[in-house]
1. Those residues that are free of Cβ contacts under 8 Å to residues at least 40 places away in the same chain and charged (D, E, K, R), I need them from region 83-106; list them, please.
2. Give all pairs with beta carbons closer than 8 Å in which a residue from region 185-207 that is closer than 19 Å to residue 136 by Cβ meets a residue that is open to solvent by 50 Å² or more (accessible area, probe 1.4 Å) and in a helix (DSSP H, G or I); count only pairs at least 6 apart in sequence or on separate chains.
3. Can you find, within region 132-157, the residue that is most open to solvent (accessible area, probe 1.4 Å) among those that are part of a helix (DSSP H, G or I) and under 24 Å from residue 172 (Cβ atoms)?
4. Quick one: count up the residues across region 1-17 that are open to solvent by 70 Å² or more (accessible area, probe 1.4 Å) and under 16 Å from residue 46 (Cβ atoms).
5. Quick check on my filter: what residues within region 166-194 are assigned to a helix (DSSP H, G or I) and farther than 17 Å from residue 134 by Cβ?
6. Anything in region 101-131 that is open to solvent by 20 Å² or more (accessible area, probe 1.4 Å) and in a loop (DSSP other than H, G, I, E, B)? List them, or say none.
7. If we keep just the residues of region 173-208 that are of a type in the set (S, T, N, Q) and open to solvent by 70 Å² or more (accessible area, probe 1.4 Å), which is modelled with the highest pLDDT?
8. Being hydroxyl-bearing (Ser, Thr, Tyr) and modelled with pLDDT under 90, is that true of even one residue in region 139-161?
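The values are calculated or read from the model by the stated rules, or taken from the named source; none is laboratory data. Model, not experiment: these values are computed from the prediction. Heads up, the Cβs are rebuilt from the backbone with ideal geometry, glycines too, and the neighbour counts pull from every protein chain shown. The protein model used for the area step is the full one, side chains on, heavy atoms only, and it has no ligands, DNA or RNA in it. Shrake-Rupley method; radii C 1.70, N 1.55, O 1.52, S 1.80 Å.
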Amino acid sequence: VRAHPRRLAAFATLHPRAGVEATRDEIRRAHDAGLVGIGELSPHAQGYGIDDAVFRAAMALAGELAMPVNLHVTCPDARAYAGHVPTPLGDFVRLARECVATTFIFAHWGGLLPLRPEFSKDLIGLKNVFYDTAASPLLYDATVWKRFIDAVGSDKVLFGSDFPLNVYPRVDAEPAMIRLLHEAHAAGVPDDVLRGNAARMLNVRAVSTPATAPAPSSAPGSAGG
């Protein structure tokens with residue numbers, strides 16, 4: 001990060017079992033070292049709840065230091081896969097509503113929270129919630145880009161790849177980001193989703209890149225692995 005400050009911005013990690021003081025010290029250490037956020041965290045998989053006192057103290061400090069927190073969200077409709085851990089969607093809504101000073105990035109389209117009637121109304125007015133697109137092709141087809149952006153606005157979506165995970169295993173033998181970029185461009189995704197939104201959130205200067213991504217060597221395949 002120090003060597004390439006215009007190309008890289010890093011997030012820190014933590015675990016509440018370290019205790020409240022050690023956890024807060026680690027967040028401050030990471031912040032002072034130039035890291036700009038926290039995550040990806042997965043409380044449900046890591047053995048602590050969203051009401052854990054140390055976790056809540058960490059979320060409060062993240063808000064004070066303006067460090068966004070990225071949280072793993074498992075789609076409740078996803079097929080079973082190795083490492084699959086359910087993450088009740090209501091937990092994320094409640095966390096965002098109770099920690100309004102902290103900015104949250106709900107990974108993997110946030111389990112499509114805004115598209116679910118039972119949760120969408122509870123997200124109205126929350127300015128501290130964003131969504132990333134990591135691993136999108138493993139979970140949803142290419143229509144998710146337009147459906148989601150139409151529902152929440154392009155300013156709430158951050159491009160995420162989950163690289164080096166191979167998100168097109170039926171098509172590509174090795175992981176690559178180019179096919180996912182092509183899918184996003186083909187869906188008409190605004191350039192801010194691909195770089196501008198994250199750059200503003202993290203207060204970093206985005207490196208100038210081509211307006212369009214070159215097409216991959218073959219047409220995108222179906223979602224899934």
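1. Matches in region 83-106: 97, 98.
2. Here the result reads 187/146; 188/146; 192/155; 197/155, each pair linking region 185-207 to a residue that is open to solvent by 50 Å² or more (accessible area, probe 1.4 Å) and in a helix (DSSP H, G or I).
3. Here the residue is 146.
4. Of the residues in region 1-17, 2 are open to solvent by 70 Å² or more (accessible area, probe 1.4 Å) and under 16 Å from residue 46 (Cβ atoms).
5. The answer is 185, 186, 191, 192.
6. Hits for region 101-131 are 101, 103, 116, 124, 125, 126, 127.
7. Selected residue: 203.
8. no
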